[in-house]
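Bear in mind these aren't lab numbers, they're just calculated from the coordinates by the rules spelled out. Quick caveat, the model's predicted, so the values are computed rather than measured. For neighbour counting, all protein chains shown are included, and Cβ atoms are generated from backbone atoms with ideal geometry for every residue, glycine included.
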Amino acid sequence: MSLYDVGRGLFRVYFKLFNRVTVVGEENIPSDKGILLCSNHINNLDPPLVGAMCPRQVRFMAKSELFTIPVLGKLIDKVGAFPVKRGMSDKQALRSGIGILKDGGVVGLFPEGTRSKTGQLGEGLSGAGFFALRPEVRVVPCAIMGSYKPFGKLKIIYGKPVDLSPLREEQGAAKKATQAIMKEIQQLIDANR
């Protein structure tokens, strides 16, 4: 059993006990293709929640500063996260993400790039669109709703895969693809209020 599997099991128990988490749309996650899993970002515990509740292993792109924190850096590396330098075009992070997707893995992204201070969905960054336009990728929108307070209620909703292939040849395709992803996440939030 891998460290990822142990962590996923522990977080599943934690979220079910302390946040009464419910999962909607788990059947929308393809079992056999590279997936870009794009979620809103409301709390530092979003990555463990999304990873614990997803039926497949999720490899998260995480800000590079986290990898310099002594214990945390080694831990997130061991569970498959990979670093990205924020505020610039990070070619190594792009290559890592593309490699995972080509190998049929799941890359987890928070297109807003940072947590929402208001709980409202912010504007997405074009990096999500860059990955989303790869031919081997299925894009699955995800919405996290509720409270992480002890004994609060959390809900995670996985939407149906989004086909963004018609955007591949358009001018500004990455930005348009990101906007389409953010629209899908917002629709999941609105439909589950």
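Suppose the chain between T114 and S2 were pulled fully straight at 0.36 nm per residue; how much longer would it get relative to their current alpha carbon spacing? Could the numbers behind the result be given before it?
Details: separation 112, 0.36 × 112 = 40.32 nm, distance 2.85 nm.
Full extension of this stretch gives 37.5 nm more.
Would you mind calculating the relative contact order of the chain from Cα pairs under 8 angstrom and at least 6 residues apart, reporting the percent as a whole number? Spell out each step's value before the answer.
Working: 350 pairs, mean separation 58.0, N = 193.
Rounded, it is 30 percent for the chain.
Could you work out how much longer the chain between R193 and R134 gets when fully extended? Use 0.36 nm per residue separation minus the Cα distance between them, nm to one decimal.
On the way: separation 59, 0.36 × 59 = 21.24 nm, distance 3.19 nm.
Here the answer is 18.0 nm.
Calculate the spin-label point distance for N44 paired with K102, positioning each point 7 Å from the Cα along the beta-carbon direction, and give it in nanometres.
3.6 nm
What is the calculated FRET efficiency for V71 to D32, with r their C-beta to C-beta distance and R₀ = 35 Å, to the nearest 0.05?
On the way: r = 35 Å, r/R0 = 1.00.
Calculated transfer efficiency: 0.50.
Answer rounded, prolate or oblate for segment 41-122, using the Cα gyration tensor with square roots of eigenvalues a ≥ b ≥ c: rounded when a/c is under 1.5, else prolate when a/b is larger than b/c, else oblate.
Working: a/c = 1.26, a/b = 1.17, b/c = 1.08.
Judged from the Cα gyration tensor, segment 41-122 comes out rounded (a/c under 1.5).
Residue by residue through segment 71-84, which ³J(HN,Hα) values in whole Hz follow from phi under the Karplus form 6.51 cos²θ - 1.76 cosθ + 1.60 (θ = phi - 60°), with glycine and proline marked x?
7, 4, x, 5, 5, 5, 5, 5, 8, x, 5, 9, x, 9
Compute, for segment 142-193, the length of the dipole vector about the Cα centre, with Cβ point charges of +1 (Lys, Arg) and -1 (Asp, Glu) only. Units Debye, rounded to 20. Numbers along the way, then the final one.
Values: 9 positive and 5 negative charges, 68 e Å.
I would put it at about 320 debye.
For segment 1-126, give the magnitude of the charge dipole about the Cα centre (Cβ charges: +1 Lys/Arg, -1 Asp/Glu; no others), in debye to the nearest 20.
Numbers: 17 positive and 11 negative charges, 52 e Å.
Roughly 260 debye for segment 1-126.
Compute the distance from the alpha-carbon center of segment 70-91 to that of segment 122-193, in whole Å.
22 Å
³J(HN,Hα) across segment 29-36 via Karplus (A = 6.51, B = -1.76, C = 1.60, θ = phi - 60°), whole Hz, x for Gly/Pro?
Result, rounded to whole Hz: 9, x, 8, 10, 9, x, 10, 9.
Rounded, prolate or oblate: pick one for segment 16-65, where a ≥ b ≥ c are the square roots of the eigenvalues of its C-alpha gyration tensor, a/c under 1.5 means rounded, and failing that, prolate if a/b is larger than b/c, else oblate. Walk me through the intermediate numbers first.
On the way: a/c = 2.07, a/b = 1.04, b/c = 1.99.
Verdict is oblate for segment 16-65.
Pop out the ³J(HN,Hα) list for segment 92-106 in order, Karplus 6.51 cos²θ - 1.76 cosθ + 1.60 with θ = phi - 60°, rounded to Hz; leave Gly and Pro as x.
Per-residue couplings from phi come out as 5, 5, 4, 4, 4, x, 5, x, 4, 5, 4, 7, x, x, 10 Hz.
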